[in-house]
């Protein structure tokens with residue numbers, strides 16, 4: 001047995017082997033399994049506001065495709081710096097309350113490129129233990145001293161700051177909404193610590209952009225800490241229904257990253273059709289706030305139904321984790337729900353800590369209230385088996 005087969009076998013025995021599930025997307029937000037054609041309600045999507053199917057988003061994507069073609073043809077520092085990128089960056093900067101913004105190919109590319117540009121060998125990074133893998137990969141590439149603090153535990157963070165802040169550059173990096181737990185970062189208290197210890201503060205708003213704040217900017221807007229955040233990162237591939245990512249910051253910071261962030265410098269620019277979709281989506285989240293209000297109502301409906309039967313620790317957001325513990329049981333429950341027409345992903349180590357396997361439910365505007373209630377009832381039945 002070669003080393004690859006051996007590794008795969010061990011993963012399978014531990015209940016941690018991943019595999020792909022080809023699906024065909026329906027226009028009503030459902031997905032059909034490619035192998036069987038079975039229709040499933042999608043409770044795993046991050047398309048929270050259903051903007052990927054919004055007529056204005058699709059129309060603008062078509063318009064940009066017709067005007068500028070399929071691809072940029074080059075990195076932006078070569079000949080690929082189309083004016084349409086600057087237009088979107090200006091919209092993002094206004095949305096996030098910053099001087100400037102910069103587009104990246106994806107959220108992963110953003111975090112893995114920006115963090116090493118901000119901190120190096122003689123610097124220090126303080127990272128929440130439950131930060132996304134892209135953040136940790138960025139920390140590894142930075143080769144800075146890394147200190148992980150207990151999840152959302154600012155007392156622990158302050159102890160680490162007192163002990164390890166040092167005299168070099170110090171970066172604190174967090175998510176405003178954590179993707180596997182759906183909980184919020186205590187941003188106001190964190191911003192006070194950042195100021196007290198003279199650190200840079202980077203906040204990943206991937207799961208908050210479009211859903212929180214008066215203008216849909218995110219949690220940093222809702223919590224009133226925009227001016228205290230040095231780098232606001234976000235994505236277009238979740239609530240905005242498109243693809244790609246961005247950072248918003250001072251003009252000096254953006255100019256610096258244009259020269260230092262390798263994932264920006266050495267990547268072909270995003271396709272024009274993607275920029276068109278993102279541009280329309282940014283406008284929609286600011287002019288149609290009723291969409292996010294409706295989403296939060298749907299999330300409360302799902303959680304309240306579960307709470308009536310004794311489930312708690314469901315978090316404050318549209319991401320709702322149901323902890324199971326054992327990986328095999330999580331996979332079994334996901335399979336049973338799939339047979340009942342519910343697509344909800346089992347999340348297992350190493351994505352989450354050992355012993356905390358879970359089913360992760362995402363509420364989106366694709367889902368009717370009746371289907372949300374149906375899913376909650378089926379989940380409660382499955383938990384009793």
- Message: Between residue 143 and residue 290, how high is the FRET efficiency from 1/(1 + (r/R0)^6) when r is the Cβ-Cβ distance and R₀ = 51 Å? Nearest 0.05.
- Response: 0.65
- Item | Overall Cα dimensions of region 213-296 - principal axes, largest extent first, Å | 41, 33, 16
- Subtracting the Cα-Cα distance from 0.36 nm times the residue separation, let me have the gained length for residue 339 to residue 308 in nm, one decimal. 8.7 nm
- So how far, in whole Å, is the C-alpha centre of region 186-254 from the one of region 80-108? 14 Å
- For an R0 of 41 angstrom, estimate the FRET efficiency from the Cβ-Cβ distance between residue 259 and residue 163 and round to the nearest 0.05. 0.80
- Note on the structure: Taking max minus min of the Cα coordinates of region 160-250 on each principal axis, largest first, gives extents in Å of 42, 28, 22
- Can you give the extra length, in nm with one decimal, that the chain gains between residue 19 and residue 300 once fully stretched, where that is 0.36 nm per residue apart less the Cα-Cα distance? 98.0 nm
- Sum -39500 (n - 2.57) across every DSSP H segment of at least 4 residues in the chain, then divide by the residue count to get the 222 nm mean residue ellipticity, nearest 500. -13000 deg cm²/dmol
- Query: Taking R0 as 45 Å, what's the FRET efficiency between residue 53 and residue 8 from their Cβ-Cβ distance, rounded to 0.05?
  - Reply: 0.80
- Item | Volume per residue that the Cα convex hull of the chain spans, once the total is divided by residue count, Å³ | 160 Å³
- Query: Distance from the Cα centre of region 264-314 to that of region 320-357, in angstrom?
  - Reply: 22 Å
- Extension length gain for residue 77 and residue 38 (0.36 nm per residue less Cα distance), in nm, is 9.4 nm
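Computed from the coordinates by the stated procedures, all read-outs in this text should not be read as laboratory data. All of these numbers come straight from a predicted model, not from anything done at the bench. Quick reminder, even Gly has a Cβ in these numbers, built from the backbone with ideal geometry, and neighbours come from all protein chains shown.
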